[in-house]
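Peer 1: Supplied in structure tokens, the structure appears directly below.
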Amino acid sequence: MKVLLIKPKARLKTIQGLHRFTMLEPLELAYLAAAAGPRHAVRILDLRLERRPQPAMARVVAEMQPDVVGISAYSHEGSTAKALATIVRRAAPGAFVVVGGHHATVAPEDLDVPAIDAIVRGEGCAPFAAILAALEKHEAVEGIPGVLRTGDGFDPKAAHVWPTFPDPATLPLPRRDLYDWRRYYTVWLAENPPSWYPLFPPTAMVRSSFGCTQKCTFCVVPYLCGGRHMPRPVEAVADEIAALPQDHVYFGDDENYLDETFAYELADALERRRVRKRYLAWVRTTTAVRSPELMKRWAEIGLESVYIGFEHTTDAELRSSRKGTTVAVNERALDLLKGMGIAVHGSWLVRPEFTEADFDRLASYVAALPPSEHSFNVVTPSQGTPDYEAIQPQIWVSNPHDLHDAMHPLTPTTMPLRRFAARYARLVVDGIKRSPLRTGNRPVRPQDLVRALWSERVYYRAYRDLYRDYPRGLWQ
Ligand code: B12
């Protein structure tokens with residue numbers, strides 16, 4: 001069969017702005033392509049790379065006339081995925097259209113529309129392979145675990161049972177040969193990079209594990225992983241990394257270092273293979289403080305930067321979101337990591353209730369930290385969590401999925417929205433400026449400098465203007 005896998009281009013300017021700094025491989029589609037197996041002709045279409053995504057997709061669909069179309073979507077892309085499915089239906093009426101990804105997992109009822117035939121919740125490899133096998137034999141896809149039919153076949157009860165993540169050892173190796181790896185990058189943070197070092201190197205994304213043992217009340221991951229951290233087999237991850245053409249690797253795990261044995265074994269396996277790459281990972285401050293030796297080991301084999309969800313500047317706030325850390329632990333972790341030469345990107349939360357004084361407080365706290373890069377999200381509990389249920393009655397927009405990018409407040413802001421956005425934009429840009437790449441005065445390639453400054457400007461404007469994504473009546 002001919003199978004077309006599509007990654008949508010986000011509609012929100014905030015996400016388009018984010019993509020100027022970080023545009024990672026469509027790894028989910030590479031996994032699905034691998035799951036499809038060699039018997040099918042699979043094509044990956046990444047619409048993020050297209051200036052005019054809808055006409056580009058319509059052209060490919062009309063030419064290819066696929067038998068099966070798979071579309072991936074985060075929640076903020078839910079409406080876009082439905083619009084794309086409608087175009088596919090028109091251009092290739094015989095194609096079976098499946099939508100999967102995080103939106104399908106947390107809000108499948110939103111995708112129950114005539115242009116979509118099936119919805120896949122949770123890890124998609126096994127269900128997608130089973131769908132292809134059934135379609136090939138002209139059998140029904142009903143009853144495949146993780147798969148919901150739309151229309152009369154939609155099962156609202158099944159839509160509310162969390163999918164279970166499979167044994168990670170059963171996952172195939174992603175098919176990265178179906179796209180041009182040189183087109184994917186992230187702005188690379190490092191504490192002491194050599195002069196003229198590229199700011200936006202081609203970057204691979206690798207999933208070495210899935211899940212997290214923490215129970216932060218705003219996060220959906222504990223529900224998706226049953227509170228477990230599940231590493232893939234060490235040798236498989238090491239082989240995958242060793243085969244990558246890129247020198248830079250972004251770990252797309254929830255948290256890499258929760259299982260110390262796995263993390264040490266992976267470091268050893270990479271060293272045995274003489275793999276010398278540069279790594280970026282998301283790490284909890286509690287992990288860094290508990291296991292400094294592990295961090296040091298990873299720094300030795302190439303860990304250059306870590307992303308950390310510091311979230312709040314007070315213990316009371318950290319307690320209320322059950323983050324399981326304190327301000328003192330956060331600060332210790334930052335010092336410790338910097339002391340090892342690992343650059344830190346801190347991620348912080350802004351609440352819709354923020355006043356001018358709250359913005360001032362967060363801005364001055366971050367400005368006083370040792371050089372480190374920072375980004376800021378608006379508290380946006382994931383659909384399906386108790387925190388999301390709690391905010392439901394206050395949600396002030398008719399389709400919250402469209403604005404679910406953790407940058408748009410879903411509940412009323414205390415400050416006028418336009419002013420909130422202006423303060424938020426300033427915070428974001430000042431956070432980028434604290435990067436050690438900026439404060440270190442090392443020479444940067446001119447083309448990278450122009451690109452970085454232009455991206456920063458676009459990013460700033462996206463945040464400043466985010467109030468325009470709301471009905472006019474809410475702008476004040
Ligand atoms: C790595 C990661 C990122 C990376 C980018 C990843 C990428 N591919 O570009 C970065 C750090 C840049 C990022 C950014 C953001 N992220 Co993020 N991210 C993750 C993380 C940790 C892993 C996602 C991942 O890529 N996994 C590896 C791939 C292989 O797995 P997968 O995407 O789950 O895909 C599998 C299944 O979902 C399914 N599937 C997926 N698509 C399809 C399609 C079909 C047809 C089928 C059948 C199956 C299927 O099968 C896939 C195969 O394995 C998840 C948390 C998690 N544990 O899932 C959050 C997560 C996905 N992110 C989230 C959010 C909110 C964001 C941001 C909006 C945050 C922000 N303000 O910066 C942005 C938006 C980025 C964007 N492109 O829109 C939320 C999504 C919530 C939602 N309901 O949409 C999550 C779940 C985190 C959370 N705790 O809530 N993210």
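Peer 1: Does a label point 7 Å from the Cα of ASP315, set along Cα-to-beta-carbon, have any residues of region 337-378 with amide nitrogen under 12 Å, and which are they?
Peer 2: Nothing falls inside the zone, counting backbone N under 12 Å.
Peer 1: Then there is this: Mind sorting GLU123, GLU142, GLU456 by how few other Cβ atoms lie within 10 Å of their own Cβ, fewest first? Working shown, then result.
Peer 2: Numbers: GLU123 23, GLU142 12, GLU456 17.
Ranking GLU123, GLU142, GLU456 by Cβ neighbours within 10 Å, fewest first, gives GLU142, GLU456, GLU123.
Peer 1: Let me know the charge dipole size of region 104-210 about its Cα centre in debye, to the nearest 20, where only the beta-carbon of Lys, Arg (+1) and Asp, Glu (-1) is charged.
Peer 2: Computed charge dipole of region 104-210: roughly 460 debye.
Peer 1: Order of 69-76, 457-464 by packing, highest average Cβ count within 10 Å first? The partial results should precede the final answer.
Peer 2: Numbers: 69-76: 25.2, 457-464: 17.9.
Per-residue mean Cβ counts within 10 Å order the peptides as 69-76, 457-464.
Peer 1: Once the cut-off is 40 Å, how many percent of the Cα-Cα pairs in the chain end up in the long-distance tail?
Peer 2: For the chain, the fraction of Cα-Cα distances above 40 Å is 18 percent.
Peer 1: In addition: Based on the Cβ-Cβ distance of ALA41 and ALA242, what FRET efficiency does E = 1/(1 + (r/R0)^6) give at R0 = 30 Å, to the nearest 0.05? Each step should come with its number before you reach the end.
Peer 2: Working: r = 28 Å, r/R0 = 0.95.
E(calc), rounded to 0.05, equals 0.60.
Peer 1: Points 7 angstrom from Cα along the Cβ direction at ASN441 and GLU271: gap in nanometres?
Peer 2: That separation, rounded to one decimal, is 3.6 nm.
Peer 1: Would you mind ranking ASP67, ASP253, ASP180 so that the residue whose beta carbon has the fewest other beta carbons within 10 Å leads the list?
Peer 2: Arranged by neighbour count, lowest to highest, ASP67, ASP253, ASP180 become ASP180, ASP67, ASP253.
Peer 1: Right, next: Mind listing the phi-derived Karplus ³J(HN,Hα) values for region 364-373, rounded to whole Hz, using 6.51, -1.76 and 1.60 with θ = phi - 60°, and x for any glycine or proline?
Peer 2: 3J(HN,Hα) across region 364-373, in whole Hz: 6, 4, 5, 5, 7, 6, x, x, 6, 8.
Peer 1: For a Förster distance of 51 Å, can you work out the FRET efficiency between the beta-carbons of LYS296 and ARG183, rounded to the nearest 0.05?
Peer 2: So, using R0 = 51 Å, E works out to roughly 0.90.
Peer 1: Please give the contour-minus-distance gain from ASP155 to ARG351: 0.36 nm per residue of separation, less the Cα-Cα distance, rounded to one decimal in nm.
Peer 2: 67.0 nm
Peer 1: Would you mind calculating the gained length between ALA133 and VAL458 on full extension (0.36 nm times residue separation, minus the Cα-Cα distance), in nm to one decimal?
Peer 2: Gain in length upon complete extension: 112.5 nm.
Peer 1: Going by C-beta contacts inside 10 Å, put PHE128, PHE354, PHE359 in order with the fewest on the left.
Peer 2: PHE359, PHE354, PHE128
Peer 1: Kindly rank 405-415, 263-273 from highest to lowest mean number of other beta carbons found within 10 Å of each residue.
Peer 2: Ranked from most to least packed, the peptides come out as 405-415, 263-273.
Peer 1: Still on this structure: For ASP358 and LEU474, FRET efficiency with R0 = 22 Å and r from the beta-carbon atoms, rounded to 0.05? Before the final figure, lay out the partial values.
Peer 2: Numbers: r = 20 Å, r/R0 = 0.91.
So, using R0 = 22 Å, E works out to roughly 0.65.
Peer 1: Separate question: Taking a ≥ b ≥ c as the square roots of the Cα gyration tensor eigenvalues, with a/c under 1.5 meaning rounded and otherwise prolate when a/b beats b/c, else oblate, which class fits region 1-97?
Peer 2: oblate
Peer 1: Using just the helices of the chain, give the 222 nm mean residue ellipticity in deg cm²/dmol: DSSP H runs with n ≥ 4 each add -39,500 (n - 2.57), and the total is spread over all residues, rounded to 500.
Peer 2: -11500 deg cm²/dmol
Peer 1: Which one of PHE21, HIS40, PHE96 has its Cα pushed farthest toward the positive end of the charge dipole of region 1-96, where Lys and Arg give +1 and Asp and Glu give -1 at the Cβ?
Peer 2: With unit charges placed on the Cβ atoms, the residue in question is PHE21.
Here, each number is a calculation from the coordinates, and none is a lab measurement. Predicted model, so just to flag it, every value in this text is computed and none were measured. We place every Cβ from the backbone using ideal geometry, glycine too, and count neighbours over all the protein chains shown.
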